[in-house]
Amino acid sequence: MFLLIDIGNTKTKWMLRDHSGINKYDSFLTEDIDQDHFEFDEKIRKIVISNVAGFEKEAILKIKLKNFSCPIEFIKTHKKLNYLINNYQDTTQLGTDRWLSALSVSHDIKKTAVIVSIGTAVTIDYLSYDEKKSQHTFEGGVILPGLHLTKNALENNTADLKSTDGVVQIPPINTANAIQSGFIVSVLGNIKSLFDLACSQSSDVTIILSGGDADLINQHMNEDLKKYISIKKDLVLEGLFIVASN
């Protein structure tokens, strides 16, 4: 049995899994990582962790896991793993969440992909596919603030733009709707840009949405693009399982 842990900026998700399937699955706020979340009777063969929340959270988790006698691995990005090549200029600068998401997609989908993760931050990454070599390449992507960060930045750095709930409206006729619509339109525009780039190199492209706000973005996707979309909420955990199984 593997214990897979995905430490995000806001939420931490974990899964107990082996090759027969998922045994347990849960999540908690990352700020509560110092509490006891990993108490169970199952024998753990290995613990594999992705952390994008900083060294302090990693240090706390190491203390919380000290009673486990199995190997513990904090994942780092690689230049190449299995049939996935990392084309990032400095592989150490690529977040493990983006790398593991690409690894998961490359394992399951044999085509070019645009991978969109919508959470605390929004990442939109382009994964090319060489059919002759049966090989994917992580080509890069963009990073945007998520909806919560967008609202906080405007509220904290302007005099009058307060964080209130809005809806998508084109054109928006109040401030709350203007902020909500601005975020959605920005994400959709960046998805379209990366999708067009992918389509210029391949005739077979898919869009993968993941993260806490995946459904929100999917609601507003252009109908012409919806046929290319699938939603996979736990790409990072799936990537961790691939690493653990190697």
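Please treat every number below as a calculation from the coordinates, not as lab data. Predicted, not measured: the structure shown is a model, and the values here were computed from it. Note that each Cβ is placed from the backbone with ideal geometry, even for glycine, and that neighbours are counted across all protein chains shown.
General remarks:
- Sites Phe28 and Ser202, calculated FRET efficiency, Cβ-Cβ separation with R0 41 Å, nearest 0.05: 0.55
- Taking label positions 7 Å along the Cα-Cβ direction at both Leu144 and Ala59, the computed distance is 3.6 nm, reported to one decimal.
- Counting only residues at least eight positions apart within a chain, or on another chain, the lysines with an alpha carbon under 18 Å from that of Lys133 are Lys79, Lys80, Lys110, Lys111.
- Choice from Ser210, Ser134, Ser101 showing the highest fluctuation, given a GNM over the chain with Cα pairs closer than 10 Å: Ser134
- For the range 1-75, the pair-distance distribution built from all alpha carbon pairs, in bins 10 Å wide starting at 0, is 19, 59, 22, 1 percent.
- Computed helical MRE - 222 nm, the chain, DSSP H runs ≥ 4 contributing -39500 (n - 2.57), nearest 500: -10500 deg cm²/dmol
- Rounded to 0.05, the FRET efficiency of the Lys79 and Glu223 pair, given R0 = 45 Å and the Cβ-Cβ distance, is 0.70.
- Straight-distance crosslink candidates among lysines, where the alpha carbon sits under 23 Å from Lys64 and sequence neighbours closer than 8 are dropped: Lys11, Lys13, Lys24, Lys43, Lys46, Lys76
- Neighbour cut-off at most 13 other Cβ (10 Å), DSSP loop, GluC sites (Glu not before Pro), the range 39-146: Glu39, Glu42, Glu131
- Modelled label reach - Asn157, point 7 Å along Cα→Cβ, the range 1-27 residues with backbone N closer than 14 Å: none
- Here the average projected area of the convex hull drawn through the C-alpha atoms of the range 80-234 stands at 9.9 nm².
- Interchain or long-range residues, amide H under 5 Å from Val52's placed H: Ile7
- Highest-fluctuation residue, Asn177, Asn87, Asn156 considered, GNM on the chain with Cα pairs under 10 Å: Asn156
- For the chain, with +1 on Lys and Arg beta carbons and -1 on Asp and Glu, the positive-most of Ile72, Thr12, Val167 along the dipole: Ile72
- Electrostatic dipole magnitude of the chain [Cβ: Lys, Arg +1; Asp, Glu -1; Cα centre; debye, to 20]: 640 debye
- Within the shell of other residues whose beta carbon sits under 12 angstrom from the beta carbon of Asn246, the net charge comes to 0, with Lys and Arg scored +1 and Asp and Glu -1.
- Taking Val205, Val116, Val167 in turn, the Gaussian network model of the chain (Cα-Cα springs below 10 Å) assigns the largest fluctuation to Val167.
- Fully extended contour minus Cα-Cα distance, from Phe40 to Asp215, at 0.36 nm per residue: 59.8 nm
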